[in-house]
Structure formats: structure tokens, C-alpha cells
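**Student:** One structure follows; several queries about it will come next.
Just so it is clear, none of the values below were taken in a lab; they were calculated from the coordinates. It should be emphasised that the depicted structure is a prediction, and the values quoted were computed from it without experimental measurement. Note that each Cβ is placed from the backbone with ideal geometry, even for glycine, and that neighbours are counted across all protein chains shown.
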There are 2 protein chains.
Amino acid sequence: MATRSEYATRPRERIAGVLRGARRFFSAAEVHRELTAQHVRVALSTVYRTLEHLREKGEATIRVDDTGEATYMFCEPAQHHHHAICNGCGRVEDVDCSAVEQFADSLRNLHGFLLDAHTMEFYGRCAACR
Amino acid sequence: MATRSEYATRPRERIAGVLRGARRFFSAAEVHRELTAQHVRVALSTVYRTLEHLREKGEATIRVDDTGEATYMFCEPAQHHHHAICNGCGRVEDVDCSAVEQFADSLRNLHGFLLDAHTMEFYGRCAACR
DNA sequence: ATATTTGCAAATAATTTGCACGTAA
DNA sequence: TTACGTGCAAATTATTTGCAAATAT
């Protein structure tokens with residue numbers, strides 16, 4: 001027993017390589033396109049499975065963009081933080097925000113709402129793109 | 001000229017009626033299911049078109065949920081505010097948050113990031129559900 | 001009248017799945 | 001070996017579109 005998965009295969013390495021290439025979110029189609037450009041043939045379904053696999057391992061974060069497409073990015077365990085996404089290059093910066101605790105209090109006071117979780121994203125221009 | 005659309009049709013009234021029924025987000029499928037339950041026959045494509053139409057008119061807000069499904073809710077012009085979504089009943093409460101201005105400043109100072117827009121959502125239990 | 005809206009069926013797009021074959025350990 | 005991974009093609013799901021018929025103004 002103690003069946004642990006984890007085979008280091010070429011397709012997986014290449015897919016992870018694409019994510020490692022830039023700190024931004026990639027859709028399965030983008031990863032696949034990138035690999036094709038590198039003359040690496042991988043099935044699109046494998047890209048989907050691998051991205052989901054990375055997420056299960058906690059190595060990647062998922063984000064459903066406003067068109068409904070799922071995108072992934074390498075992202076540390078993420079002790080709660082938020083993302084600032086550049087509209088120019090897509091680069092993502094982590095934003096720690098402890099001030100959120102205050103929101104939680106006012107939410108309870110003003111709305112009687114008990115906070116379990118929250119998401120925040122900021123869009124704009126990173127230092128390099130503006 | 002001055003071609004203005006806007007026909008008050010029965011399907012549109014019924015679809016709007018569903019949204020009016022609860023202050024929460026509905027997917028096209030949910031609206032359609034609801035109407036079917038009310039013995040109102042409307043094409044699913046009409047639901048899609050009508051929801052999108054309501055959004056264009058500024059009467060409804062769209063939200064792509066974590067599964068990638070588009071959902072809509074009636075929502076006032078929305079002088080910038082955020083949503084507190086109940087995990088129990090889905091009810092949505094508006095959360096005004098002027099404190100965000102402060103975030104904008106620290107973002108610029110800490111990351112050199114110029115903020116254009118942002119989104120925030122809070123999940124938890126509303127007063128009625130906890 | 002006539003411009004807009006609807007229903008229906010077919011087309012897309014993103015994602016998932018079944019399965020025979022390939023491969024890491 | 002043999003359990004896990006991959007490719008491929010077919011199946012799902014959510015959403016969109018073309019077009020003739022229905023409807024609001």
C-alpha cells in the first residue's frame with residue numbers, strides 16, 4: 001500500500017517548465033501553444049491533467065478568469081495573500097494584506113456576516129509596464 | 001434613426017422576475033430551471049441573451065463563479081462596492097469599502113503598482129444562515 | 001408595417017473521459 | 001513487472017449563432 005503517485009515524466013517537466021518561465025497565469029491552451037512553439041508535442045488533455053495535478057499537489061494556484069477560462073500559476077503555499085495583476089504583461093505580484101482583519105470586524109458589526117474566506121484581485125500596471 | 005431597442009416581452013419579464021425573486025447570483029441554467037418549474041417555456045438561448053441584455057443595460061451584474069459558469073444578479077449602478085456571499089443561501093450583501101483607497105497607496109509605495117481596478121468577494125454566513 | 005425578439009437546432013469552445021499503449025521506478 | 005502517465009478520439013458542458021416564425025410598437 002502507501003501508493004504514492006509522482007512520476008517524473010518528460011511532458012510534466014515541460015509543462016512545469018512553461019509555468020516556471022513567467023510569474024503569471026497560464027491557461028491550458030497557452031501552455032500547449034507554448035510547448036508547440038518549442039516543438040514539444042504533448043496532448044492538450046495531458047496539459048489539463050498536469051495542471052490539475054500541480055494544483056492538487058499545492059504547487060500551482062488556479063484562477064478562473066473573467067471569460068470563464070481556468071488559468072494556473074506557480075504559487076507558494078500562499079499564507080493568505082492577494083494578487084496584483086498587471087494589465088500590461090500579466091505579471092502577478094503578491095500582496096499581503098493583514099488589514100483585511102478589520103474588514104471582518106466591520107462585516108460582523110454592520111451586516112451580522114461571519115467571514116469564512118475572501119478573494120481580492122487588483123488590476124493595473126506594474127512598475128515595468130507603466 | 002435613433003434606433004432604440006427595448007421591447008417588453010413576456011419571456012423577458014419572466015426572466016427578470018426570477019432575478020427579482022432573490023438577491024443572489026443565478027446562472028442561465030438556474031433561471032431556466034426555475035421557469036420550467038413555473039411551467040413557463042422559454043428557450044435556454046433566450047435566457048442567455050436576456051441575461052446579457054440586462055447586463056448591457058446595466059441592470060444586472062455578472063460574476064463568473066469558480067467553476068467558470070457565468071451568473072447574474074440584479075444590482076444597482078454599483079458605486080464601487082463589494083459582495084459578501086453567504087455560503088448557506090447564496091444571498092449577497094453589498095459592502096462599501098472606502099478603505100480600499102489606502103490599499104491603492106500602499107500598492108504604489110510597496111510595489112510601484114498603479115491600481116486601475118480591483119475585485120473583492122467575501123464568503124461566509126449571513127445573519128439568517130448562521 | 002417593420003424592427004426586434006424568440007425558438008430551435010446546429011455550431012463553438014473549454015474541459016473531461018475511456019481506453020489501448022508507453023514508460024518510470 | 002506493474003502501477004502510473006500519455007495520446008487520441010469521443011463525450012460533456014457551457015455558451016453562441018443562423019434563420020425562419022412570432023410579436024411588440
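**Student:** Relative contact order for chain B: what is it in percent, counting Cα pairs under 8 Å that are at least 6 residues apart? Mind showing how you got there, number by number?
**Tutor:** Numbers: 145 pairs, mean separation 26.4, N = 130.
It comes to 20 percent, rounded to a whole number.
**Student:** While we're on this one: Over the alpha-carbon set of region B:5-55, work out the extent along each principal axis and list the three values in angstrom, largest first.
**Tutor:** Per principal axis, max minus min of the Cα coordinates gives 29, 22, 16 Å.
**Student:** Measuring nothing but label to label, 7 Å from Cα along Cα→Cβ, what are A:Arg23's distances to the other copies in nm, shortest first?
**Tutor:** 4.0
**Student:** Among A:His32, A:His111, A:His83, determine the one that fluctuates most according to a GNM of chain A built with springs between C-alpha atoms less than 10 Å apart.
**Tutor:** Greatest mean-square fluctuation among the candidates belongs to A:His111.
**Student:** Can you compute the FRET efficiency between B:Gln38 and A:Gln102 using 1/(1 + (r/R0)^6), with r the Cβ-Cβ distance and R0 = 41 Å? Round to the nearest 0.05.
**Tutor:** 0.40
**Student:** What's the Cα-based Rg to Rh of region B:43-84, Rh via Kirkwood?
**Tutor:** On the way: Rg = 11.1 Å, Rh = 11.1 Å.
Result for region B:43-84 is an Rg/Rh of 1.00.
**Student:** A follow-up question, please. Return the average number of partner chain Cβ atoms within 10 angstrom of each residue Cβ along peptide A:107-118. Provide the component values of the computation, followed by the final result.
**Tutor:** On the way: counts 6, 2, 0, 4, 8, 6, 14, 10, 5, 7, 6, 8.
Mean number of neighbouring Cβ atoms from other chains: 6.
**Student:** Over 11 Å apart: what share of the alpha carbon pairs of region B:82-124 falls there, rounded to a whole percent? Kindly include the intermediate steps, with their values, before the conclusion.
**Tutor:** Working: 620 of 903 pairs.
Of all Cα-Cα distances in region B:82-124, 69 percent exceed 11 Å.
**Student:** Per chain B: cysteines with no other Cys C-beta under 4.7 angstrom?
**Tutor:** Singleton cysteines: B:Cys75, B:Cys89, B:Cys97, B:Cys129.
**Student:** How far, in degrees from 0 to 90, does helix A:100-111 lean away from the longest principal axis of the Cα atoms of chain A, to the nearest 10?
**Tutor:** 50
**Student:** Here is a follow-up. Against the longest principal axis of chain B, how steep is helix B:28-37, in degrees 0 to 90 to the nearest 10, with axes from Cα atoms?
**Tutor:** That works out to roughly 40 degrees.
**Student:** Translational diffusion coefficient of the protein assembly as shown at 37 °C, 0.692 mPa s, Stokes-Einstein with Kirkwood Rh over Cα pairs, in µm²/s as a whole number.
**Tutor:** On the way: Rh = 21.1 Å.
Result for D is 156 µm²/s.
**Student:** What FRET efficiency do you get for B:Arg10 and B:Glu69 if R0 is 25 Å and r is their Cβ-Cβ distance, rounded to the nearest 0.05?
**Tutor:** On the way: r = 26 Å, r/R0 = 1.04.
For R0 = 25 Å, the calculated efficiency reads 0.45.
**Student:** Is it possible to state the helix-based mean residue ellipticity at 222 nm for chain B, with each DSSP H run of 4+ residues giving -39500 (n - 2.57), the sum divided by total residues, to the nearest 500 deg cm²/dmol? What is it?
**Tutor:** On the way: 4 runs with 47 residues, N = 130.
Dividing the helical sum by the residues of chain B leaves -11000 deg cm²/dmol.
**Student:** Also, quick follow-up: From Cα pairs below 8 angstrom and at least 6 apart in sequence, can you work out the relative contact order of region A:82-124, rounded to a whole percent? Each step should come with its number before you reach the end.
**Tutor:** Values: 42 pairs, mean separation 22.2, N = 43.
That works out to 52 percent.
**Student:** OK, next. On full extension of the chain, what length is gained from B:Cys89 through B:Glu56, given 0.36 nm per residue of separation minus the C-alpha to C-alpha distance?
**Tutor:** Separation in residues times 0.36 nm, less the Cα-Cα distance, equals 9.2 nm.
**Student:** What average count of beta carbons from other chains do you get within 10 Å of the Cβ of residues in A:86-92? Walk me through the numbers on the way to the answer.
**Tutor:** Numbers: counts 3, 3, 0, 0, 0, 1, 0.
That average works out to 1.
**Student:** Related question: With a sphere of radius 15 Å drawn around the Cβ of B:Leu35, what net charge do the other residues whose Cβ falls strictly inside it have (Lys, Arg +1; Asp, Glu -1)? It would help to have the intermediate numbers written out before the result.
**Tutor:** Values: positive: B:Arg10, B:Arg12, B:Arg14, B:Arg20, B:Arg33, B:Arg41, B:Arg49; negative: B:Glu13, B:Glu30, B:Glu34.
The answer is +4.
**Student:** Roughly how crowded by other chains is peptide A:62-75, in terms of the mean Cβ count from those chains within 10 Å of each of its Cβ atoms?
**Tutor:** Details: counts 1, 1, 6, 2, 5, 3, 6, 2, 3, 0, 0, 0, 0, 0.
The per-residue average across the peptide is 2.
**Student:** For A:Cys129 paired with B:Arg20, estimate the spin-label separation in nm (one decimal), with each label point 7 Å from Cα along the Cα-to-Cβ line.
**Tutor:** It works out to 4.2 nm between the two label points.
**Student:** A further question follows. In whole angstrom, and with the biggest value first, how far do the Cα coordinates of region A:22-103 range along each principal axis?
**Tutor:** In descending order, the Cα extents are 49, 30, 21 Å.
**Student:** Taking A:Glu59 in one copy and the same position in all the others, each labelled 7 Å out along Cα→Cβ, what are the pairwise distances from the first, in nm, shortest first?
**Tutor:** Output for A:Glu59: 5.0 nm, nearest copy listed first.
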